[in-house]
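Here the structure comes first, spelled out in structure tokens, and everything after it is commentary.
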Amino acid sequence: MNSPAYYYFDNSLFGWGIKDSDSRYVYGNRILCQYFSITANQLVGSLDTELIPDIRQYYDHILADDKKILTTSEMSIVLKTFDYGRQDKLRSFLVEKRPWRLDNDTNGIACTYIEIINVYFSSFLMANEGKPLIFNRPKNIFTDKEWEVVLLLKCGVRKNIMPDILGISFSALRNRLTRCYDKTGVTNSSALLRHCIQRGWDNYIPPYFLTKGYVSFF
């Protein structure tokens, strides 16, 4: 695989992988292998289910999408949220898949993996205040469970609803809020929210709100 295209893949800032007609990987660049936490030799010949075990229940959708690309020669764009690299941590990727002609002159699929780290959502609501959502803690001042409460406060969720959303008791919610107050030196939730907004901490999405899955856009 020494064509100019593979030179581009090898030096791309995105993860690139090539699948054959059986949906097995025949190539992956360095970045893609890092996502899967394997070497290029381990990638070759592998199915998605062998690389990402928790993808199995969605694999029928992936195979159907791959076969559609091979049959129609049309590209697709999907959002994949799974435990990449088996690190017990969900990561989201926007994956563009398009038809590709392999070196042996058979049909395959080229996959571009773009990790979703910053997503500009607020720009749709406030054009002059575009601010990215982030999936990595901006500060370690709170635990992930405490960050969950901060996010719900930012979204305007009433405290009497929060326990049902988080699957906790009212006393557990009260304890989380108290710890947040103590860590920031405030005395109520309004002051806590102002404190977080002033420091730019209001756009973090904790892992609890990420849902494993596979979504097709096109």
Of the candidates SER21, THR39, ASN175, the farthest towards the positive dipole end of the chain (Lys/Arg Cβ +1, Asp/Glu Cβ -1, centred on the Cα centre) is ASN175
Inter-label distance for ARG158 and SER21, nm, one decimal - labels placed 7 Å from Cα along Cα-to-Cβ:
6.0
Reachable lysines from LYS183, criterion Cα separation under 30 angstrom, eight or more residues apart if same chain:
LYS89, LYS131, LYS139, LYS145, LYS154, LYS159
Using R₀ = 22 Å, calculate the FRET efficiency as 1/(1 + (r/R₀)^6) where r is the Cβ-Cβ separation of GLN57 and ASP88; round to 0.05.
0.80
About the Cα centre of the chain, how large is the charge dipole given +1 on each Lys and Arg Cβ and -1 on each Asp and Glu Cβ? Please answer in debye to the nearest 20.
1080
Identified option (computed log10 I(q)/I(0) by the Debye sum over Cα atoms at q = 0.09, 0.15 Å⁻¹; candidates (1) -0.48, -0.88; (2) -0.48, -0.98; (3) -0.39, -0.98)
(2)
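First measure r as the distance between the Cβ atoms of ASN11 and SER169, then evaluate 1/(1 + (r/R0)^6) with R0 = 35 Å and state the FRET efficiency to the nearest 0.05.
After rounding, the FRET efficiency stands at 0.10.
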Using +1 at the C-beta of Lys and Arg and -1 at the C-beta of Asp and Glu, which of ILE205, ASN160, SER189 has the Cα lying farthest in the positive direction of the dipole of segment 144-209?
SER189
So, counting K/R as plus one and D/E as minus one, what does the shell of residues with Cβ under 12 Å around LEU94 add up to?
+1
Going Cα to Cα from LYS97, which lysines come in below 19 Å? Please leave out same-chain ones fewer than 8 positions away.
LYS19, LYS67, LYS68, LYS80
Pop a pseudo-label 7 angstrom from the Cα along the beta-carbon direction at both ARG137 and ARG101 and give the gap in nm to one decimal.
5.2
Taking R0 as 35 Å, what's the FRET efficiency between ALA191 and THR211 from their Cβ-Cβ distance, rounded to 0.05?
0.65
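When the accessible area of segment 4-119 is computed with all protein chains present and a 1.4 Å probe, what percentage of it is carbon and sulfur? Intermediate results must be reported in sequence, preceding the final value.
Values: 3020 of 5880 Å².
Looking at segment 4-119 in its full context, I get 51 percent from C and S.
The values are calculated or read from the model by the stated rules, or taken from the named source; none is laboratory data. What you see is a predicted model, and the numbers here were worked out from it, not measured in a lab. All Cβ positions, glycine included, derive from the backbone under ideal geometry; neighbour counts span all protein chains shown. When the accessible area is computed, the model is the full protein with side chains, heavy atoms only, and any ligands, DNA or RNA have been set aside. Shrake-Rupley method; radii C 1.70, N 1.55, O 1.52, S 1.80 Å.
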